[in-house]
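Report on the structure given below.
The values are calculated or read from the model by the stated rules, or taken from the named source; none is laboratory data. Predicted model only: the values in this text are computed from it and were never measured. Heads up, the Cβs are rebuilt from the backbone with ideal geometry, glycines too, and the neighbour counts pull from every protein chain shown.
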Amino acid sequence: MKAYRLGTTALLAGLWICPAAAQELPRFNVEATCKEAQPLVPQDTNPYDSCMRDETAAQRQLREIWNSTAESVRATCAREAQIGGTPSYVDMLTCLQVAQGLPPTNTSRSRKPAQ
């Protein structure tokens, strides 16, 4: 009986914690995304560093607005930012800004150059 109560308590605690975890900003492996970055202009001699700088700045901005953004918009933009297998905070920030009717933040690079 004690094992049953302990298991039930653990299950209920897990259910209580999960919604809070869903409120957190997703964690993307932007290092892998940025390793694939190509120079977008001839002056971009280190596309990895430029990409990491942009992704870090976007992640910082997202932290500031994440909890004040509607859950449905967060979910949509989080999914959209992972299309193509290269997750990007820059893409997610742009999506949130457009959804809120704000002008997108200018960044020095886009995730993928036009092909």
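Observations, loosely collected:
- Figure legend. Inter-residue proximity from the stretch 50-62: first residues over 14 Å from Ala37 (Cβ atoms) and free of Cβ contacts under 8 Å to residues at least 40 places away in the same chain, second residues of a type in the set (A, V, I, L, M) and not in a helix (DSSP H, G or I), beta-carbon distance below 8 Å, spacing 6+ or different chains. Indicated pairs: Gln59/Leu25; Leu62/Leu25.
- Among the candidates Ala70, Ala57, residue that is over 9 Å from the mean Cα position of the chain (by Cα), surrounded by fewer than 17 Cβ atoms within 10 Å (Cβ to Cβ) and at pLDDT below 95: Ala70
- When the stretch 75-91 is limited to residues that are in a helix (DSSP H, G or I) and touching a residue at least 40 places away in the same chain (Cβ under 8 Å), the one that is surrounded by the fewest Cβ atoms within 10 Å (Cβ to Cβ) turns out to be Ala78.
- Any hit, the stretch 14-30, residues being modelled with pLDDT of 85 or more, part of a helix (DSSP H, G or I) and either under 18 Å from Ile83 (Cβ atoms) or of a type in the set (A, V, I, L, M, F, W, C) (or both): yes
- Failed condition for Thr107, given (1) polar (S, T, N, Q); (2) at pLDDT 90 or above; (3) surrounded by 15 or more Cβ atoms within 10 Å (Cβ to Cβ): (2)
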